[in-house]
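The values are calculated or read from the model by the stated rules, or taken from the named source; none is laboratory data. All of these numbers come straight from a predicted model, not from anything done at the bench. Glycine also receives a Cβ, built like all others from the backbone with ideal geometry; neighbour counts cover every protein chain displayed. For accessibility, only protein heavy atoms count, side chains too; no ligands or nucleic acids. Shrake-Rupley method; radii C 1.70, N 1.55, O 1.52, S 1.80 Å.
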Amino acid sequence: MNGKVVVITGGSTGIGKAVAIECAKNQANVVILSIEDYEKAEGAVREIESYGRTVSYYKCDVSSEENVSEVFTKIISKYGRIDYAFNNAGIGPDGVRMQYKSLIELSEGEWDKVLEVNMKGIWLCMKYELMQMRKQKDGSIVNTASIGGYKMAPGFGAYGPSKAGVIALAELAALENSEYNIKVNCICPGPIKGTELSKNSSSANPDEEKILCEHVIPLKKMGVLSEVVNSVMFLFESTHTTGQKLFIDGGMHIK
Ligand code: NAD
């Protein structure tokens with residue numbers, strides 16, 4: 001990845017940060033987009049930089065086309081290209097925590113918020129990445145879906161449908177852009193330990209984690225960040241894999 005440009009949304013925390021560190025270790029130019037103010041993300045940005053080159057940070061709400069278009073204009077004018085993109089920013093079922101709500105309990109606002117960030121945000125970022133990658137006739141995009149987008153979990157509100165949309169978007173974008181040598185794939189993690197999202201989820205409760213490991217996850221353990229990082233790096237470099245959904249879920253999708 002020496003000197004290549006990688007854009008990572010939600011790259012100052014959790015899964016995004018772990019992937020950003022791996023890219024920095026591989027000498028990529030890392031560009032992070034996130035909703036947080038720079039002051040809040042600065043510690044993470046400095047930590048990522050300590051592994052490689054200087055990191056660029058842009059505050060951006062991925063669900064706003066105005067924000068996304070403005071930020072991508074700045075990225076292209078600074079770097080001139082985008083080699084890899086990891087569209088990973090996302091929120092839980094009620095926008096903050098992994099709180100259980102059935103479809104009939106959901107408010108219109110909760111539905112809209114989750115769909116806007118998790119699904120529309122992926123489309124918007126891809127729109128601007130693909131326009132640049134088409135000019136380059138090269139590029140590799142990985143989007144973060146979830147096992148929840150493949151197997152619906154009752155009580156997860158709009159989260160499952162939003163992530164099902166992310167899987168569909170990867171397939172559609174892969175088909176529409178294959179002639180430009182652009183690969184588009186997605187990852188479907190199961191519960192991964194140690195991120196902001198998972199700290200707020202029911203699986204952070206030791207009793208629930210025990211139930212998950214004993215009865216739900218065939219490999220009987222929670223996922224860890226390094227397993228997600230390895231999958232993203234594999235998909236980034238794939239030359240003959242596109243439109244794929246890669247499960248990092250201990251086998252949950254086959255149960
Ligand atoms: P996280 O909360 O650490 O990361 C989410 C990131 O998205 C944060 O940096 C946040 O600032 C950013 N973000 C939120 N809304 C945004 C917006 N409107 N615009 C720009 N950035 C925004 O949690 P994580 O677990 O690392 O989540 C990363 C992705 O992984 C999410 O898409 C999540 O749905 C998915 N995922 C996580 C798990 C898990 O168990 N942790 C499992 C499956 C899928």
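Using only Cα atoms, find the angle between the long axis of helix 14-25 and the longest principal axis of the chain, and express it within 0 to 90 degrees, rounded to the nearest 10. Taking Cα atoms only, the helix is inclined about 30 degrees. The trypsin sites (Lys or Arg not before Pro) of the stretch 188-238 include none that meets both conditions, a loop assignment by DSSP and at most 10 other Cβ atoms within 10 Å of the site Cβ. The long axis of helix 159-177 is offset from the longest Cα principal axis of the chain by roughly 30 degrees. Could you tell me the relative contact order of the stretch 1-146? Use alpha-carbon pairs under 8 Å, at least six residues apart, and round to a whole percent. Over the stretch 1-146, the number comes to 25 percent.
Within the stretch 1-110, antiparallel bridges make up roughly 0 percent of the DSSP beta bridges whose residues both belong there. For residue 188, neighbours were defined as the other residues whose beta-carbon sits under 10 Å from its Cβ, and their charges (Lys and Arg +1, Asp and Glu -1) total +2. In the chain, taking the dipole from charged Cβ atoms about the Cα centre, the farthest positive-side position among 198, 180, 132 is held by 180.
Atom-type composition of the exposed protein surface of the stretch 132-225 places 58 percent of the accessible area on carbon and sulfur (1.4 angstrom probe). Hey, what number do you get for the chain at 222 nm if only DSSP H runs of n ≥ 4 count, each worth -39500 (n - 2.57), divided across all residues, to the nearest 500? Result for the chain, helices only: -12500 deg cm²/dmol. Listed values for the stretch 43-54 are Karplus-derived 3J(HN,Hα) couplings in whole Hz (6.51 cos²θ - 1.76 cosθ + 1.60, θ = phi - 60°), namely x, 5, 4, 4, 5, 5, 4, 5, 8, x, 7, 5, and x replaces Gly and Pro.
So, R0 is 30 Å and r is the distance between the beta-carbons of residue 215 and residue 36; what FRET efficiency does that work out to, to 0.05? The calculated FRET efficiency here is 0.25.
Cross-link pairs exceeding 29 Å in C-alpha to C-alpha distance, out of 151/210; 120/221; 59/221; 59/199; 199/220; 101/220, comprise 120/221; 59/221. Other residues lying with their Cβ under 10 Å from the Cβ of residue 35 contribute a combined charge of -1, Lys and Arg counting +1, Asp and Glu -1. Dividing the convex hull volume of the alpha-carbon atoms in the stretch 4-122 by its residue count gives 99 Å³ per residue.
Measuring between their Cα centroids, the stretch 201-217 and the stretch 150-171 lie 21 Å from each other. 3J(HN,Hα) couplings calculated from phi for the stretch 190-204 with the Karplus curve 6.51 cos²θ - 1.76 cosθ + 1.60 (θ = phi - 60°) are, in sequence order, x, x, 10, 6, x, 9, 4, 5, 6, 5, 8, 9, 4, 5, 6 Hz; Gly and Pro show x.
So, for the stretch 101-255, what is the accessible surface per residue at a probe of 1.4 Å, expressed in square angstrom?
Normalised by residue count, the accessible surface of the stretch 101-255 is 49 Å².
Mean separation of Cα pairs under 8 Å and 6 or more residues apart, divided by the residue count, gives the stretch 187-227 a relative contact order of 46 percent. Taking amide H positions as modeled 1.01 Å from N, with prolines and chain starts lacking one, the residues under 5 Å from residue 139 and 5 or more places away or on another chain are 183. Counting every alpha-carbon pair across the stretch 145-198, the share separated by more than 13 Å comes to 62%.
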